[in-house]
Each structure stands twice: as structure tokens, then as C-alpha cells.
Amino acid sequence: MDILIIEDEIRAANQLQNMLKTCGFEYRLLQHIDTVEDSISWFQTNKTPDLVFMDIQLADGLSFEIFQKIEVEAPIIFTTAFDQYAIQAFKVNSVDYLLKPIQKEELEGALQKFTKTKDSGIIPPTVLKQLLGSLQAPKKRQGLLVKEGAGFVQVPLSDFLYFYSQESVTFGITDSKRYIVDEAIDQLFSTLEATEFYKINRGQVVSKKAILRIDPYFNHRVKLTLSNPRDQEFMVSRPKTSDFKSWLNS
């Protein structure tokens, strides 16, 4: 069984491979890809794999963008850390998915469905466009519930300069405070206004208003100077550099 893994987190890709082995699933990994751009190139130059495991949030955008550029005939099992509204869209359209962190029992169930109906993961282009539109729809969230002392307070999103993840904890920074946010960085980002916040790498989300300066950096990356940086450095990952500049100009 030839499989392709499209996942921007190396640790998650390795965990998936190990879990596949514990499930007794015999496979040959063709490649591990972490961006939309590289995925498109791969599909254009290689034979169709037997099965694709595809994360939704990649280093340079949503994986659904792949299907806007090319036709993918391989069965797909999506992996996602998005919140319930996205998961419901998958259920309605009978699309296989695995919610992160992936559980062995759920992986086994998805594999059983795949082996029974080989084309169960092939998604009509119209459905993919609907899902992409759903995931990119403007959000109405205005505030964020954060920890303060022994309780919680509601802080307007407009107060936040940036968010970052450290040792699996998400922090939100304002002009004067650092708050603990009880949400994973990917889940949080999926609910933010796309015109105001940008996920510059796997662990940092920045507000447009907080950016004071951008400078070129090694290996075609971009380094940012932000308000109240504390002990953080802000690097835009190489695959996102072009899109980030377009976002700044929008």
C-alpha cells in the first residue's frame, strides 16, 4: 500500500506512521510533504498513491486549496485540529477525517472504511469548495476568555498583539499583560479574523497592528519587530513569506 502524508508538523507525521504500524497496516511511505505548493507539484509529477493522509492547516495555507488547482483522484483521510463547526461539515458530506490528537481506535475505523470502499475518501470538487468556503468564512468572535488568577476574564481580541505556543501552552500578549489561553494555537487561529491576524509559523500568530518593522532574514525568511516582544523572536516561515507580504498589503 503506497501512502502519501501531507502534514506540516514532523512530530504529528511520525506519530501517524508509528500508529499505522501498531494498527498492523502495511504501507510504503512515498513522501512526507508540508505545504500546499509542494503537494501540488508532487501530484503533478507522480503517480496517484493508494491513500493520502492530509492535514487541513499546512505551512502555507489550507490543504483544500490543492483541489482548486488540480484534480486529486486518490482516497483521502483528513486530519484536523479545527473546531466543531468544521467537523460537522465533514460529517454531513460523509468525508473521512481524524480529529487531532489522533486516537488508535479512530484510525483503525477509518482504515476499515477505506479497505471496504476504496473510493470512500474521494471528494467531489463542489463539496471541497463548500468546505473551503466554510473554513474561510469571516468570524464574528470579538473577545477571548483567558485565565487571570484563579478565575477567567473576557479580553477584547483587538487588545492582543500576538499569540504564541510554548510547551503545549498558548499565551496571548497585550500591551501590558501575558494571558494563558485555554485553546491550542491552531484551534485559536481558526476563529480569528483573517484580515487582522496571521499565523506566521507553527507556533506564532501576530496581529497586523502590532507589526512595527519587517526585515529580510536568512534562507528567504522574514523577521518581524513587534510591539511588546518580551523574549520572543518572530520569523515568518519560508513557505509563507510571499503570502504574508500580500496579507500585509491587503
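For His32, His220, the sequence from fewest to most other C-beta atoms within 10 Å is His220, His32. In this simple spin-label approximation, Asn14 and Asp215 carry label points 7 Å from Cα along the Cα→Cβ vector, and these lie 3.3 nm apart.
Each label was represented as a point 7 Å from its Cα along the Cα-to-Cβ direction; for Ser250 and Glu167 these points are 3.5 nm apart.
Between Trp42 and Gln68, the contour length at 0.36 nm per residue exceeds the Cα-Cα span by 7.9 nm. Restricting the GluC sites (Glu not before Pro) of the stretch 144-227 to loop positions (DSSP other than H, G, I, E, B) with no more than 10 neighbouring Cβ atoms within 10 Å leaves Glu167. Take every Cα pair under 8 Å in the stretch 143-249 that's 6+ residues apart, average their separations, divide by the length, and report that relative contact order as a whole percent. That works out to 19 percent. With the cut-off at 1.5 for a/c, could you classify the stretch 1-89 from its C-alpha gyration tensor as rounded, prolate or oblate? Oblate is the answer for the stretch 1-89, as a/c is 1.5 or above yet b/c matches or exceeds a/b. Taken along the Cα-to-beta-carbon direction at a fixed 7 Å, the label points for Lys113 and Tyr27 span 1.5 nm.
Legend: residue pairs Lys104/Lys240; Lys69/Lys240; Lys177/Lys209, Cα-Cα distance threshold 23 Å; pairs beyond threshold, Lys104/Lys240. The stretch 29-44 to the stretch 171-250: how many Å between their Cα centroids? Result: 25 Å between the Cα centres.
Only the coordinates and a few stated rules stand behind these numbers; no lab work does. Computed from a predicted model, the values in this text were never measured in an experiment. Every residue, glycine among them, receives a Cβ derived from its backbone with ideal geometry; neighbour counts consider all protein chains shown.
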